[in-house]
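A.B. asks: First the structure, then my questions, so here it is.
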Amino acid sequence: MLKFFEVIGRYCILMGKVFSRPEKWSIYYRRTINEIEQLGINSIPLTAIISVFIGAVIALQMSISLESPFIPQMMIGYATKEVMILEFSSTVIAIILAGKVGSNIASEIGTMRITEQIDALEIMGVNSASYLILPKIVATMFFFPFLAAFSMIVGMFGGFLVARMGVMLPSDYLDGLLYAFDSWEITYSLIKMTVFAFLITSISAFYGYYAKGNSLEVGRASTTAVVVSSIMIMIFNLILTQLMRA
(Lines give C-alpha, C1' and ligand atoms only; values in the text may rest on other atoms or scores of the structure.)
Protein backbone atom coordinates (compact mmCIF):
# COMPACT_ATOMS: atom_id res chain seq x y z
CA MET A 1 0.00 0.00 0.00
CA LEU A 2 2.84 2.39 0.83
CA LYS A 3 4.39 1.61 -2.57
CA PHE A 4 1.09 2.55 -4.24
CA PHE A 5 0.93 5.94 -2.51
CA GLU A 6 4.61 6.52 -3.31
CA VAL A 7 3.92 5.98 -7.02
CA ILE A 8 0.88 8.29 -6.89
CA GLY A 9 2.95 10.96 -5.14
CA ARG A 10 5.81 10.75 -7.64
CA TYR A 11 3.32 10.88 -10.52
CA CYS A 12 1.68 14.04 -9.13
CA ILE A 13 5.06 15.70 -8.54
CA LEU A 14 6.11 14.87 -12.11
CA MET A 15 2.87 16.29 -13.51
CA GLY A 16 3.50 19.46 -11.50
CA LYS A 17 6.87 19.81 -13.23
CA VAL A 18 5.34 18.98 -16.62
CA PHE A 19 2.71 21.71 -16.44
CA SER A 20 5.02 24.44 -15.18
CA ARG A 21 5.33 27.48 -17.45
CA PRO A 22 7.52 26.71 -20.50
CA GLU A 23 10.64 28.82 -21.02
CA LYS A 24 10.20 29.28 -24.79
CA TRP A 25 6.79 28.71 -26.34
CA SER A 26 8.21 28.53 -29.88
CA ILE A 27 10.31 25.47 -29.03
CA TYR A 28 7.31 23.72 -27.47
CA TYR A 29 5.17 24.56 -30.48
CA ARG A 30 7.63 22.92 -32.88
CA ARG A 31 7.99 19.88 -30.65
CA THR A 32 4.20 19.56 -30.38
CA ILE A 33 3.80 19.60 -34.16
CA ASN A 34 6.45 16.90 -34.45
CA GLU A 35 4.75 14.80 -31.78
CA ILE A 36 1.40 15.10 -33.57
CA GLU A 37 3.05 13.51 -36.58
CA GLN A 38 4.91 10.83 -34.64
CA LEU A 39 2.17 9.83 -32.18
CA GLY A 40 -1.01 10.79 -34.03
CA ILE A 41 -0.70 10.79 -37.80
CA ASN A 42 1.45 7.64 -37.79
CA SER A 43 -1.36 5.86 -35.89
CA ILE A 44 -3.94 6.46 -38.65
CA PRO A 45 -3.17 3.27 -40.68
CA LEU A 46 -3.46 1.01 -37.62
CA THR A 47 -6.69 2.71 -36.55
CA ALA A 48 -8.16 2.39 -40.05
CA ILE A 49 -7.32 -1.31 -40.49
CA ILE A 50 -8.68 -2.33 -37.10
CA SER A 51 -11.81 -0.16 -37.33
CA VAL A 52 -12.91 -1.30 -40.79
CA PHE A 53 -12.66 -4.98 -39.88
CA ILE A 54 -14.32 -4.53 -36.48
CA GLY A 55 -17.18 -2.62 -38.09
CA ALA A 56 -17.56 -5.38 -40.65
CA VAL A 57 -17.51 -8.10 -37.98
CA ILE A 58 -20.08 -6.26 -35.83
CA ALA A 59 -22.46 -5.92 -38.78
CA LEU A 60 -21.97 -9.58 -39.71
CA GLN A 61 -22.51 -10.77 -36.14
CA MET A 62 -25.63 -8.62 -35.79
CA SER A 63 -27.03 -9.97 -39.06
CA ILE A 64 -26.57 -13.51 -37.74
CA SER A 65 -28.05 -12.74 -34.32
CA LEU A 66 -31.00 -10.70 -35.59
CA GLU A 67 -32.45 -13.19 -38.03
CA SER A 68 -35.94 -12.92 -36.56
CA PRO A 69 -38.51 -11.59 -39.07
CA PHE A 70 -39.93 -9.44 -36.27
CA ILE A 71 -36.69 -7.41 -36.03
CA PRO A 72 -36.18 -4.92 -38.87
CA GLN A 73 -32.93 -5.21 -40.80
CA MET A 74 -32.15 -1.56 -40.12
CA MET A 75 -31.33 -2.53 -36.51
CA ILE A 76 -28.08 -4.06 -37.81
CA GLY A 77 -26.91 -0.63 -38.90
CA TYR A 78 -28.18 0.91 -35.67
CA ALA A 79 -26.32 -1.64 -33.52
CA THR A 80 -23.11 -1.15 -35.52
CA LYS A 81 -23.34 2.62 -35.10
CA GLU A 82 -23.96 2.41 -31.35
CA VAL A 83 -21.11 -0.03 -30.69
CA MET A 84 -18.63 1.96 -32.76
CA ILE A 85 -19.54 5.35 -31.29
CA LEU A 86 -20.10 4.48 -27.64
CA GLU A 87 -17.30 2.03 -26.94
CA PHE A 88 -15.07 0.76 -29.71
CA SER A 89 -13.88 4.02 -31.26
CA SER A 90 -12.96 5.48 -27.88
CA THR A 91 -12.21 2.76 -25.35
CA VAL A 92 -10.92 -0.09 -27.51
CA ILE A 93 -8.93 2.19 -29.82
CA ALA A 94 -7.45 3.85 -26.73
CA ILE A 95 -6.29 0.47 -25.39
CA ILE A 96 -4.74 -0.34 -28.78
CA LEU A 97 -3.00 3.05 -28.81
CA ALA A 98 -1.78 2.43 -25.27
CA GLY A 99 0.14 -0.52 -26.70
CA LYS A 100 1.49 1.35 -29.71
CA VAL A 101 1.94 4.93 -28.52
CA GLY A 102 2.38 4.23 -24.81
CA SER A 103 5.20 1.75 -25.29
CA ASN A 104 6.87 4.14 -27.74
CA ILE A 105 6.78 7.01 -25.24
CA ALA A 106 7.99 4.91 -22.32
CA SER A 107 10.86 3.37 -24.27
CA GLU A 108 11.92 6.71 -25.80
CA ILE A 109 12.04 8.60 -22.51
CA GLY A 110 13.42 5.56 -20.66
CA THR A 111 16.28 5.29 -23.13
CA MET A 112 17.02 8.99 -22.64
CA ARG A 113 17.09 8.42 -18.89
CA ILE A 114 19.52 5.49 -18.85
CA THR A 115 21.80 7.16 -21.42
CA GLU A 116 21.89 10.27 -19.17
CA GLN A 117 20.42 12.59 -21.80
CA ILE A 118 17.81 13.75 -19.28
CA ASP A 119 20.56 14.48 -16.75
CA ALA A 120 22.31 16.56 -19.41
CA LEU A 121 19.14 18.62 -19.97
CA GLU A 122 18.85 19.24 -16.23
CA ILE A 123 22.48 20.37 -16.03
CA MET A 124 21.81 22.89 -18.82
CA GLY A 125 18.94 24.30 -16.76
CA VAL A 126 16.15 22.84 -18.90
CA ASN A 127 12.98 21.58 -17.21
CA SER A 128 13.36 18.11 -18.72
CA ALA A 129 9.92 16.89 -17.58
CA SER A 130 8.09 19.74 -19.28
CA TYR A 131 10.36 19.79 -22.34
CA LEU A 132 9.99 16.06 -23.03
CA ILE A 133 6.48 15.25 -21.82
CA LEU A 134 4.25 18.32 -22.25
CA PRO A 135 4.40 18.37 -26.10
CA LYS A 136 3.46 14.68 -26.14
CA ILE A 137 0.47 15.25 -23.85
CA VAL A 138 -0.76 18.24 -25.88
CA ALA A 139 -0.27 16.37 -29.16
CA THR A 140 -2.20 13.25 -28.11
CA MET A 141 -5.01 15.16 -26.39
CA PHE A 142 -5.41 17.23 -29.55
CA PHE A 143 -5.16 14.45 -32.15
CA PHE A 144 -6.57 11.31 -30.50
CA PRO A 145 -10.18 12.62 -30.65
CA PHE A 146 -9.70 12.94 -34.42
CA LEU A 147 -8.58 9.30 -34.47
CA ALA A 148 -11.73 8.35 -32.56
CA ALA A 149 -13.96 10.21 -35.03
CA PHE A 150 -12.05 8.65 -37.94
CA SER A 151 -12.52 5.21 -36.38
CA MET A 152 -16.30 5.75 -36.14
CA ILE A 153 -16.55 6.64 -39.83
CA VAL A 154 -14.30 3.82 -41.03
CA GLY A 155 -16.00 1.26 -38.78
CA MET A 156 -19.46 2.12 -40.06
CA PHE A 157 -18.10 1.99 -43.60
CA GLY A 158 -16.81 -1.52 -42.85
CA GLY A 159 -20.34 -2.51 -41.87
CA PHE A 160 -21.63 -0.99 -45.09
CA LEU A 161 -19.22 -3.17 -47.07
CA VAL A 162 -20.67 -6.25 -45.39
CA ALA A 163 -24.18 -5.04 -46.25
CA ARG A 164 -23.11 -4.66 -49.90
CA MET A 165 -21.94 -8.28 -49.87
CA GLY A 166 -25.58 -9.39 -49.70
CA VAL A 167 -26.09 -9.65 -45.95
CA MET A 168 -28.83 -7.01 -46.13
CA LEU A 169 -30.02 -4.12 -48.24
CA PRO A 170 -27.50 -1.26 -48.08
CA SER A 171 -30.41 1.19 -47.85
CA ASP A 172 -31.64 -0.57 -44.67
CA TYR A 173 -28.14 -0.36 -43.21
CA LEU A 174 -27.95 3.37 -43.93
CA ASP A 175 -31.41 3.87 -42.41
CA GLY A 176 -30.10 2.15 -39.26
CA LEU A 177 -27.14 4.51 -39.08
CA LEU A 178 -29.49 7.49 -39.12
CA TYR A 179 -32.07 5.95 -36.75
CA ALA A 180 -32.24 7.66 -33.32
CA PHE A 181 -29.06 9.59 -34.02
CA ASP A 182 -27.84 11.51 -30.95
CA SER A 183 -24.94 13.93 -31.43
CA TRP A 184 -24.27 13.84 -27.67
CA GLU A 185 -23.01 10.27 -28.05
CA ILE A 186 -20.24 11.49 -30.35
CA THR A 187 -19.35 14.31 -27.94
CA TYR A 188 -19.28 11.83 -25.07
CA SER A 189 -16.97 9.51 -27.00
CA LEU A 190 -14.58 12.33 -27.96
CA ILE A 191 -14.41 13.57 -24.36
CA LYS A 192 -13.55 10.06 -23.23
CA MET A 193 -10.81 9.79 -25.83
CA THR A 194 -9.31 13.10 -24.69
CA VAL A 195 -9.12 11.82 -21.11
CA PHE A 196 -7.69 8.50 -22.28
CA ALA A 197 -5.05 10.36 -24.32
CA PHE A 198 -3.89 12.16 -21.20
CA LEU A 199 -3.78 8.92 -19.20
CA ILE A 200 -1.84 7.02 -21.87
CA THR A 201 0.74 9.75 -22.40
CA SER A 202 1.28 10.82 -18.81
CA ILE A 203 1.47 7.29 -17.38
CA SER A 204 3.81 6.06 -20.11
CA ALA A 205 6.02 9.13 -19.72
CA PHE A 206 6.06 8.63 -15.94
CA TYR A 207 7.38 5.07 -16.17
CA GLY A 208 9.90 6.04 -18.83
CA TYR A 209 11.09 9.11 -16.91
CA TYR A 210 11.83 7.09 -13.77
CA ALA A 211 13.35 4.08 -15.54
CA LYS A 212 16.62 2.85 -14.06
CA GLY A 213 19.34 0.39 -14.94
CA ASN A 214 19.82 -0.95 -18.45
CA SER A 215 17.82 -1.62 -21.60
CA LEU A 216 16.05 -4.56 -19.94
CA GLU A 217 14.64 -2.20 -17.31
CA VAL A 218 13.45 0.12 -20.08
CA GLY A 219 11.59 -2.83 -21.60
CA ARG A 220 9.99 -3.61 -18.24
CA ALA A 221 9.03 0.03 -17.76
CA SER A 222 7.44 0.03 -21.22
CA THR A 223 5.45 -3.12 -20.44
CA THR A 224 4.33 -1.76 -17.07
CA ALA A 225 3.26 1.50 -18.70
CA VAL A 226 1.04 -0.33 -21.20
CA VAL A 227 -0.55 -2.50 -18.50
CA VAL A 228 -1.21 0.38 -16.09
CA SER A 229 -2.52 2.61 -18.90
CA SER A 230 -4.95 -0.10 -20.03
CA ILE A 231 -6.22 -0.62 -16.49
CA MET A 232 -6.68 3.10 -15.93
CA ILE A 233 -8.52 3.41 -19.24
CA MET A 234 -11.05 0.79 -18.12
CA ILE A 235 -11.46 2.42 -14.70
CA PHE A 236 -12.00 5.89 -16.14
CA ASN A 237 -14.28 4.46 -18.83
CA LEU A 238 -16.57 3.26 -16.03
CA ILE A 239 -16.32 6.57 -14.16
CA LEU A 240 -16.96 8.75 -17.20
CA THR A 241 -19.85 6.58 -18.36
CA GLN A 242 -21.45 6.86 -14.91
CA LEU A 243 -20.95 10.64 -14.84
CA MET A 244 -21.95 11.42 -18.42
CA ARG A 245 -24.46 8.74 -19.38
CA ALA A 246 -26.22 7.73 -16.19
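The values are calculated or read from the model by the stated rules, or taken from the named source; none is laboratory data. Keep in mind the model is a prediction, meaning the values are calculated, not measured. When we count neighbours, we look across all protein chains shown, and the Cβ atoms used for this are built from the backbone with ideal geometry, even at glycine.
A.B. asks: Can you tell me which of LYS17, LYS3, LYS81 is within 27 Å of SER229 (Cα to Cα), basic (Lys, Arg) and free of Cβ contacts under 8 Å to residues at least 40 places away in the same chain? Steps first, please.
C.D. replies: On the way: LYS17 fails: free of Cβ contacts under 8 Å to residues at least 40 places away in the same chain; LYS81 fails: free of Cβ contacts under 8 Å to residues at least 40 places away in the same chain.
Checking each option against the conditions leaves just LYS3.
A.B. asks: Now for a different question. Given the structure, is ARG164 in contact (Cβ under 8 Å) with a residue 40 or more places away in the chain, assigned to a helix (DSSP H, G or I) and of a type in the set (D, E, K, R)?
C.D. replies: no
A.B. asks: Go through MET112, MET156 for me and flag whichever is farther than 18 Å from PHE206 by Cβ, touching a residue at least 12 places away in the same chain (Cβ under 8 Å) and among the aliphatic types (A, V, I, L, M).
C.D. replies: Numbers: MET112 fails: farther than 18 Å from PHE206 by Cβ.
None of the other options fit; the residue is MET156.
A.B. asks: Still on this model: Which of the helices (runs of 4 or more DSSP H) contained wholly in region 25-131 include at least 2 residues that are basic (Lys, Arg) and farther than 15 Å from PHE144 by Cα?
C.D. replies: Numbers: elements: 25-35, 44-65, 74-83, 93-97, 103-114, 117-123.
Ranges flagged: 25-35.
A.B. asks: Let me ask something else about it. Of all residues in region 58-72, which are under 21 Å from VAL154 (Cα atoms), touching a helix residue (DSSP H, G or I) at 6+ places or on another chain (Cβ under 8 Å) and surrounded by fewer than 19 Cβ atoms within 10 Å (Cβ to Cβ)?
C.D. replies: LEU60
A.B. asks: Right, ASP175: out of contact with any helix residue (DSSP H, G or I) (no Cβ under 6 Å at 6 or more places or on another chain), surrounded by fewer than 23 Cβ atoms within 10 Å (Cβ to Cβ) and either modelled with pLDDT of 95 or more or acidic (Asp, Glu) (or both) or not?
C.D. replies: no
A.B. asks: Tell me whether region 202-209 contains one or more residues that are in a helix (DSSP H, G or I), of a type in the set (Val, Ile, Thr) and crowded, with 16+ Cβ neighbours inside 10 Å.
C.D. replies: Looking through region 202-209, at least one residue is in a helix (DSSP H, G or I), of a type in the set (Val, Ile, Thr) and crowded, with 16+ Cβ neighbours inside 10 Å.
A.B. asks: Please tell me if ARG31 is in contact with a helix residue (DSSP H, G or I) (Cβ under 7 Å, 6 or more places away or on another chain), under 29 Å from SER130 (Cα atoms), touching a residue at least 60 places away in the same chain (Cβ under 8 Å) and among the basic types (Lys, Arg).
C.D. replies: Criteria met by ARG31.
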